[in-house]
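Trainee: The structure under discussion is supplied below as structure tokens; questions concerning it will follow.
Throughout, read-outs are computed from the coordinates displayed, never taken from laboratory work. Keep in mind the model is a prediction, meaning the values are calculated, not measured. Neighbour counts are summed over all protein chains in view; Cβ atoms, including those assigned to glycine, are modelled from backbone coordinates with ideal geometry.
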Amino acid sequence: MAEATIKTTPRPADSRRRLNSLLSVAIAVMLGIVCGVGAFTFGYGKGWSYLSNNPTTCANCHVMQGHYDSWQNSSHRHVAVCNDCHLPHHPVGKWVTKADNGFFHSLAFTLENFHEPIQIKPRNRRVTQHACLDCHVDIVHQMLPAETEGEMLSCVHCHSDAGHAHR
Amino acid sequence: MADTTSDPSQTARSPWRPRLLLLAALLAVVALVTFGVTALLVTIFEHRQEARTPFVRLVEVNEVSTDPVPWGTNWPNQFDGYRRTVDTVETEYGGSSAMPASKLEANPWLRRLYAGYAFSIDYREARGHAYMLFDQEVTERVTKRTQSGACLHCHASVIPTYRRLGIEAAGEKPDVAALTAGFNWPAVLEGFRVASTMDYASAHAELLKTPDGTPGENLPLFPGGETGQAHPVSCIDCHDPKTMQVRVTRPGFVLGIAALAASEAAVPHLASVNRWREGDRKQPYDPNVHASRQEMRSFVCGQCHVEYYCAAKETLFFPWNNGLKVEQIEQTYDEHKFPDGTPFYDFAHGETGAPTYKAQHPEFELWSQGIHARSGVSCADCHMPYERHGAMKVSSHWVRSPLLNINNACQTCHNVPEVELREKVETIQGRTVSLIGRAAAAMTEMLDAIRQAQAAGATPEQLAPIFELQKKSMWRLDFVSSENSMGFHADQESARILGESIDYSRQAEVAATRLRAPEAPHVDQPTEPVHGVTPTEKAPASPSSS
């Protein structure tokens, strides 16, 4: 009789404990799911490739296919990959920029709310300018401004086909 | 037992409630993350699928499928754009999308330019591809004058009709199996010759007799026109129904470009022609075999947006034997003879009787002289720019003026603000308009002078060289004013052509006026030698005198 009572009307503390453990199990299961789906998505979305220097990674999201193709036809195809021009050459700046662009590019492409045709952001344009200078400073140092932050001509204003051939 | 059942709610509440809440919140967060990750996974998957640009061939299309609707079932993105060619939005100078206002009323000099020719009856701004057949059926040029069946070479989806006529001419049975067996160039060429010499009404009737791939379905896709089995330019005219590859189908173009390739004319913008010229030349140049895909993106447009002869005296032809420039085409016409041996001309001018040439719409030829052609930019790059549909890249089939779509049409290459680009185009077009105005004024004054000379009794021998000048001047003015870019396709070339037109008009005017002017007196007035501003006595001694 007493046992039957316990079964049908459990004490509040017990029911809470039971709810607790139920929630814990649910969370554990869901954490497992999120880890599994997350790991799969990471693999399926070639997440590891974003840590590399491989230029094909940039065409992962298809939008960059045209830019990739035009780079392959450009004068720089043998000497510089995407990251060489579009990321800072300093290791910290490189990874910060990579994370920043990686996140916002993925967001833009997923939500499909970006400008067409794609335009480079001012910050990334500065990155590219410094990348040009990093390699070519020996031949252009006479054209550089006297002060470190002074205004300078943008290399790609004239050499717009250096990295991406026009045809 | 009774104690514990009543008591613990008080004792256990304080430590248990927050933990419960925390767990619930955590559950919600994890659920949200799972939701997001799954959504991301699905978008990645969808974009991957889009990037493969898959299509499902739900409906079979073949070499008679001139009706675009079944194609639209298979390729809905392209079809949606194609259907939008019904939209009519005007640019500053008409362009491809204007409402059909009469050009004759806006520019009264055109009536004098085309005097004696059907274009002086009815000549309007062009509309989108959707209207090409309907507008031709209703123009007074066709309804009031007998026109040639050759007109349908470009205004209708006509190739299966050519093939059918060709098969019939060979004495075979043109059933659907024979019509869909393949492209059958020999039959198409033969049918093209047959239809070119028909009158417009007969050729149009032949068009209606050819199956269009949707038997029993006669609903028009576009408002107005397009009756039954006849369609304006459609998918099959530029695409192979088996592979979707871009192709040219118009016999006029295929023969014309082969003649151009065989000529000596410089065509630096057509790399495949230059490669063919360096080869063994055993086969004639065939755009469907030799041209690059990028060249084909212009050639498909060059099938119709060109200069040609298309009246009934002989089979339609593109006058490219000597090259694509205005004077090279003129040379081809000058050297050409009709099949009966008489010299070639388009019409005898109604006011003076001079034999003259009529320019059609030499967009391909003028583009060929411009900076865009030289830089490898095709017609489709600006008039059918790439659009993104998710991860898919689709060439817009809403063929229209780039000015209506500057973002996709121009800014892919020109990284300057839209306003600036529009101003650049309008500067070029405004200059062309003003030069056309001057050329038109010179042309009408030339006509007045020639008519006055005729009234004064000038002989045919005296008028012959003046008629030659009149022909040259009118051909050049017409070449630029009939072309549909208002000079933009090649601005310097347009200005050069109009400059020549003005010069020829004034030469003719002067020559005609001289015919009835008194003999010029002998001129013996000496010409003044050069004088310096320094007085002679102060000038330094010249080296020769010292």
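Trainee: Please give the length that would be gained between B:GLU351 and B:LYS313 if that part of the chain were fully extended, namely 0.36 nm times their separation in residues minus their C-alpha to C-alpha distance (nm, one decimal). Before the final figure, lay out each step's value.
Mentor: Details: separation 38, 0.36 × 38 = 13.68 nm, distance 2.28 nm.
Gain on stretching B:GLU351 to B:LYS313: 11.4 nm.
Trainee: Only Cα pairs under 8 Å and at least 6 apart count here; give the relative contact order of chain B as a rounded whole percent.
Mentor: On the way: 795 pairs, mean separation 76.7, N = 546.
The value is 14 percent.
Trainee: Straight-line reach from A:LYS98: which aspartates and glutamates fall under 16 Å, measuring Cα to Cα and dropping same-chain residues less than 8 apart?
Mentor: A:ASP84
Trainee: Would you calculate the convex hull of the Cα atoms in chain B and tell me its volume per residue in Å³?
Mentor: That works out to 340 Å³ per residue.
Trainee: Turning to a different aspect of this structure: Sequence-distant or interchain residues sharing an amide H contact under 5 Å with B:SER148, placed H: which?
Mentor: Result for B:SER148 returns B:TYR200.
Trainee: Another question about this same structure. Explain nothing, just compute: Karplus ³J(HN,Hα) = 6.51 cos²θ - 1.76 cosθ + 1.60, θ = phi - 60°, for every residue of the range B:73-88 in order, whole Hz, x for Gly and Pro.
Mentor: Each residue's phi maps through the Karplus curve to give 5, 7, 10, x, 5, 5, 5, 4, x, 4, 5, 6, 5, 6, 5, 10 Hz.
Trainee: Can I ask one more? Taking H placed 1.01 Å from N in the peptide plane, check which residues at least 5 places from B:ASP346 or on another chain put their amide H under 5 Å from its amide H.
Mentor: Under 5 Å from the amide H of B:ASP346 lie the amide H atoms of B:THR356, B:TYR357, B:LYS358, each far enough along the sequence or on another chain.
Trainee: Report the label-to-label distance for A:ASP100 and B:GLU105 in nanometres (one decimal), using points 7 Å from each Cα along the Cα→Cβ vector.
Mentor: Between A:ASP100 and B:GLU105, the label points sit 6.0 nm apart.
Trainee: Now a separate question. What is the fewest-to-most order of B:TRP398, A:TRP48, B:TRP367 by other Cβ atoms lying within 10 Å of their Cβ? Intermediate results must be reported in sequence, preceding the final value.
Mentor: On the way: B:TRP398 22, A:TRP48 10, B:TRP367 26.
By the 10 Å Cβ count, ascending, the order reads A:TRP48, B:TRP398, B:TRP367.
Trainee: So, how do all the Cα-to-Cα distances of the range B:328-400 break down into 10 Å bins, in percent, from 0 on up?
Mentor: Result returned by the calculation: 15, 28, 22, 20, 11, 4, 0.
Trainee: Taking the beta-carbon count within 10 Å as an exposure proxy, list B:THR459, B:THR332 from fewest neighbours to most.
Mentor: Details: B:THR459 10, B:THR332 21.
Least to most surrounded, the residues fall as B:THR459, B:THR332.
Trainee: In whole percent, what relative contact order does the range B:420-515 give with Cα contacts below 8 Å and a gap of six or more residues? List each step's numbers first, then the result.
Mentor: Numbers: 96 pairs, mean separation 45.5, N = 96.
Averaging sequence separation for qualifying contacts and normalising by length gives 47 percent for the range B:420-515.
Trainee: I've got another one for you. Calculate, in nm to one decimal, what B:ALA262 and B:MET244 gain on full extension: separation in residues at 0.36 nm each, minus their alpha carbon distance. Mind showing how you got there, number by number?
Mentor: On the way: separation 18, 0.36 × 18 = 6.48 nm, distance 2.90 nm.
My answer for the length gained is 3.6 nm.
Trainee: Separate question: Would you list which lysines come within 24 Å of B:LYS313, measuring only between C-alpha atoms, while excluding same-chain residues fewer than 8 positions from it?
Mentor: Those lysines meeting the cut-off are B:LYS144, B:LYS337, B:LYS358, B:LYS471, B:LYS472.
Trainee: Just to be sure I follow: if Rg is taken over the C-alpha atoms of the range B:420-515 and Rh is the Kirkwood radius over the same atoms, what is Rg/Rh?
Mentor: On the way: Rg = 15.4 Å, Rh = 13.9 Å.
Taking Rg over the Kirkwood Rh, I get 1.11.
Trainee: Quick one: if the Förster radius is 60 Å, what FRET efficiency do B:HIS336 and A:GLU147 give, using the C-beta to C-beta distance and rounding to 0.05? Mind showing how you got there, number by number?
Mentor: Numbers: r = 70 Å, r/R0 = 1.17.
Plugging the Cβ-Cβ distance into 1/(1 + (r/R0)^6) gives 0.30.
Trainee: State, in angstrom, two size descriptors of the range B:175-245 derived from its alpha carbons: Rg to one decimal place and Dmax to the nearest whole number.
Mentor: 13.3, 35
Trainee: Cut-off is 10 Å between beta-carbons; in what order do B:CYS301, A:CYS82 appear when sorted fewest neighbours first?
Mentor: Working: B:CYS301 22, A:CYS82 19.
Ordered from fewest to most neighbouring Cβ atoms within 10 Å, B:CYS301, A:CYS82 come out as A:CYS82, B:CYS301.
Trainee: So what's the gap between the Cα centers of the range A:135-167 and the range B:48-91, to the nearest angstrom?
Mentor: Centre-to-centre (Cα) distance: 45 Å.
Trainee: Distance from a point 7 Å along Cα→Cβ of A:ASN53 to each backbone N in the range A:62-88: keep the residues under 14 Å and list them by number.
Mentor: Only A:78-88 fall inside the zone, counting backbone N under 14 Å.
Trainee: Here's another thing I want to ask about it. Tell me the mean residue ellipticity at 222 nm calculated for chain B from its helices only (DSSP H runs of n ≥ 4, each -39500 (n - 2.57), averaged over every residue, nearest 500). Could you put the intermediate results ahead of the total?
Mentor: Details: 25 runs with 275 residues, N = 546.
That calculation yields -15000 deg cm²/dmol at 222 nm.
Trainee: Still on this structure: Which one, A:LEU133, A:LEU111, A:LEU87, has the greatest fluctuation when you compute a Gaussian network model over chain A with C-alpha springs under 10 angstrom?
Mentor: Top of the fluctuation ranking is A:LEU111.
Trainee: Separate question: Applying the Karplus parametrisation 6.51 cos²θ - 1.76 cosθ + 1.60 with θ = phi - 60° to the phi angles of the range A:37-54, what ³J(HN,Hα) value in whole Hz is obtained for each residue in order, glycine and proline being reported as x?
Mentor: 4, x, 4, 5, 4, 4, x, 5, x, 6, x, 4, 5, 5, 8, 9, 10, 6
Trainee: Also, I was wondering about something else. Taking the Cβ-Cβ separation of B:ALA31 and B:ASP199 as r and a Förster radius of 51 Å, what is the calculated FRET efficiency to the nearest 0.05? Could you put the intermediate results ahead of the total?
Mentor: Values: r = 75 Å, r/R0 = 1.48.
It comes to 0.10.
Trainee: Now for a different question. Could you pull out every residue, at least 5 positions away or on a different chain, whose amide H is within less than 5 Å of the one on B:HIS239? Hs are placed 1.01 Å off N in the peptide plane, and Pro or chain starts have none.
Mentor: B:ARG247
Trainee: By the 4.7 Å beta carbon criterion, which cysteine residues of chain B come out unpaired?
Mentor: Result for chain B is B:CYS151, B:CYS235, B:CYS238, B:CYS310, B:CYS382, B:CYS410, B:CYS413, no neighbouring Cys Cβ within the cutoff.
Trainee: Report ³J(HN,Hα) in whole Hz for each residue of the range A:107-124, in order, from the Karplus equation J = 6.51 cos²θ - 1.76 cosθ + 1.60 where θ = phi - 60°; Gly and Pro get x.
Mentor: Coupling constants for the range A:107-124: 4, 4, 6, 5, 8, 6, 10, 10, 6, 10, x, 4, 10, 6, 7, x, 5, 5 Hz.
Trainee: Obtain the nm distance between the two label points defined at B:VAL138 and B:GLU461 by a simple spin-label model: each point lies 7 Å from its Cα along the Cα-to-C-beta direction.
Mentor: 5.4
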